[in-house]
Amino acid sequence: MKILFDGIDEPGLNTLEVYRRRGGYDALEKALAMEPDEVLGAISDSQIRGRGGAGFRMGQKASFLPHGDMEKYLVCNADESEPGTFKDRELMQKSPHMLVEGIVIATFAVGIHKAFIYIRGEYALQADILEAAIAEAADAGLLGERILGSGHSLSLVLHRGAGAYICGEETGLLDSLEGKRGNPRLKPPFPAIEGLYHGPTLINNVETLATVPHIISMGGKEYAEIGTETSTGTKLVSISGDVQRPGNYEIELGIPSREIIYDLAGGPDEGRTVKFWFPGGSSSPVLTGDDLDVPYDFDSMAKAGSMLGSGAIIVVDDTHTVLEVALKLAKFYAHESCGKCVPCREGTNWTVKMLQRIQSGEATPMDLDIMASVQDQIIGNCLCVLGDAMAMPIGSMIVKFREELEAEIEAARERAAAGQLEDVIPIGVADEHAGQIPVH
Amino acid sequence: MSPAPRAVARFGHGSRVPGWDEAVDLTKPPAVVPDLATTEVPDELRATIEAAMAKYPDRRSAAIPALHAAQEVHGWCSPEAIEQVAAVMSLTPAYLTSVATFYDMLETHPKPRNDVYVCTNISCSLLGADEFFEAMHEAALEDVDVNVRAFECLGACDIAPMASVNGEYVGPLEPADAARIVEDLRAGRPVLESKQLRYRRCVDPGVAEGAAEFSPPAADVPRTDTAGLGPEGDTVDRAGPSAPYEVPTEEEPPAPGDTSHEHAPDAEPESKDAPDQPPREAK
């Protein structure tokens, strides 16, 4: 069943003409003829859960916003930087008007007149396409004052980021949008009460907002019938890593994960097996080849000890070691930690150093216990979940692959004792910047 | 694997750019907001920054777009560039420096003109991004105009291993492509056109089911803005099963209603066998 990806490859879908020919902006007309509360009710009825990672119900989040006439904002989070996730990119590139339409409907439902799209700076092509789409929509009277003759007005601004993973976190994103360093804020107050420029702010992911027109046109209750009872609708899944056909697939929530990894994406190359996989971006605890039959929805994933996250599956086959993936992962989070909270700033850095000790043959099995305790001390002790995002997968790797890591420690110690470690390159966290640091 | 250190960064007048490990000179008063009347700002840059400021309720929101624009003009966020932005935005240089040093795409040290960001995150490195990064680094050594950086997930794991060349996503890459990228950059032509992300189709086989009803592209559809179209005159079929029509071999786009562009319903949903992508080799 295709909802978001229906006809996504039609040439020229990024233009208003083709989008309208396919029935685009009909949902907006329908919504504007309804009462705002009815529109919000339909979104609540659909029980759609946020597609950005947290999985919070959109209708509930929108209902937290105070009523009345005040400076309220909607921010669309298009800073898709979770490793393994690339669904919003395809959506924005091929069907930008779907997002614009969703934003107009959502702002109408909540009574917002100023909206921003925060897109990551690396998505230059997608930002250009969106900008063109916004201009086209404004010319056609679909944005601006008194949209389509109704009482609703909206100005929509596209804001380009400049490369920082932390700006995908909602409060870090708000600080970045205010022109500051993207440091997360203390919650509460939550953005729905005090967000951008201290006004109540609704923050939603691209995919969530792009689904809104479809919810309005098919009806909230009808949308809720798709998928499972607690995870309604369809989901774009980005699958990558060791599979034969990596890419974006639209699936109905609740189908077995095996179907996505093997039937759709072709599974690992012949003769190899799935060693472990991240079900929801690199921040989710890993699952092994034994968990392939877990249904792909929010609750089943939580029950299996992981999470659906942003819906990005990264498959690792048996030709790779756990250590190499863990080190890549830890280095990424150490680099991207903004440094505001000590457990995250220090915890990510020390995890990298401990993993490097394993590589260089200096570690003992006790280091794994220390590493596991560091992960425990990060989780829940920071303003945002960046530290947790490293601690959860690394913690799960230590639990699930302890034997392999111990063997790795032993092998590296033996190699070090025999003086055979020349091939191990010490990879520092600051390596990628090594070229930019001037030599004095 | 670490890139070779570059030469000492210097300002145009010869003095060294202050490094990360140099203490601030506390005997000097902090820099104040520069006076716009006495600071020389290129007219175009000033207009861009002022237009950006007008878009937001708070002018500070324009800090990132303004620094971006200044970086375009000066090549990097140099002290002069930051001073010019500070003057137009009525902010202190210290505030803007704090912003510029936070973001990976704003560079506070002189850099070569062309940016090649090689993604070295999990999905890409599983498929050989580290080898490609090394090859890219080697290839760029001869060319002072290429800034090769290992970058965190660029959001294109479907074409892993990939790189962003001046904002253009290309992939899947092999070490041999590194030399082509440098060559294309030097010649000023589109980089690795057959591997650009913008032309790729969706891999979801379900998309193909509805593809039969696609109309052929109108003559005025900008070819580069839609997936699956390919550059003018290009005959390469790109990955993805939803080929709705054949890419025309003639120069002119097909006339509407042309039946030769019908979708083949039983097209093989196989992305690997496209001519430009040899099957992945077993490691």
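What are the ³J(HN,Hα) values, in whole Hz, obtained from phi via the Karplus relation 6.51 cos²θ - 1.76 cosθ + 1.60 with θ = phi - 60°, for each residue of segment B:59-66 in sequence order, with x given for Gly and Pro?
So the Karplus estimates, Gly and Pro as x, are 4, 4, 4, 7, 4, 5, x, 5 Hz.
With a cut-off of at most 14 other beta carbons within 10 Å, and DSSP calling the residue loop, which GluC sites (Glu not before Pro) in segment A:48-154 qualify? Please list them.
Answer in residue order: A:Glu71, A:Glu145.
Would you mind checking which residues have amide H under 5 Å from A:Ser310's amide H? H placed 1.01 Å from N; only 5 or more apart, or other chain.
A:Gly281
Chain A: longest stretch without exposed chymotrypsin sites (Phe, Trp or Tyr not before Pro) (DSSP loop, at most 16 other Cβ within 10 Å), sites themselves excluded?
By the stated rule (loop sites, at most 16 other Cβ atoms within 10 Å), A:65-440.
Tell me which trypsin sites (Lys or Arg not before Pro) from segment A:229-290 have a DSSP coil assignment and no more than 16 other beta carbons within 10 Å of their own.
A:Arg272
Starting from segment A:319-420, pick out the GluC sites (Glu not before Pro) whose DSSP state is loop and whose Cβ has at most 10 other Cβ atoms within 10 Å.
none
Over chain A, what relative contact order in percent results from Cα pairs under 8 Å that are six or more residues apart?
Over chain A, the number comes to 16 percent.
Per DSSP helix of 4 or more residues, -39500 (n - 2.57); summed, then divided by the residues of chain A. What does that give at 222 nm, rounded to the nearest 500?
When only DSSP H runs of four or more count, the value is -12500 deg cm²/dmol.
Distance from the Cα centre of segment A:227-295 to that of segment A:43-85, in angstrom?
Each part's Cα centre sits 24 Å from the other's.
Please compare each pair in A:Lys61/A:Lys235; A:Lys61/A:Lys187; A:Lys275/A:Lys328; A:Lys114/B:Lys55; A:Lys275/A:Lys303; A:Lys187/A:Lys303 to a cut-off of 22 Å on the Cα-Cα distance and tell me which ones are over it.
Beyond 22 Å: A:Lys187/A:Lys303.
Only helices at least 20 Å long along their own axis, judged from Cα atoms, and with Kyte-Doolittle mean hydropathy of 1.0 or greater: name those in chain A from DSSP H.
Span-like helices here: A:96-110, A:386-400.
Between A:Thr230 and A:Trp350, what FRET efficiency follows from the Cβ-Cβ distance if R0 is 41 Å, with the result rounded to 0.05?
Efficiency, rounded to the nearest 0.05: 0.60.
The numbers here are math on the coordinates, done by the rules we state, and not lab data. Values in this document were obtained by computation on a predicted structure and should not be read as measured data. Neighbour counts run over all protein chains shown; Cβ positions are idealised from the backbone, glycine included.
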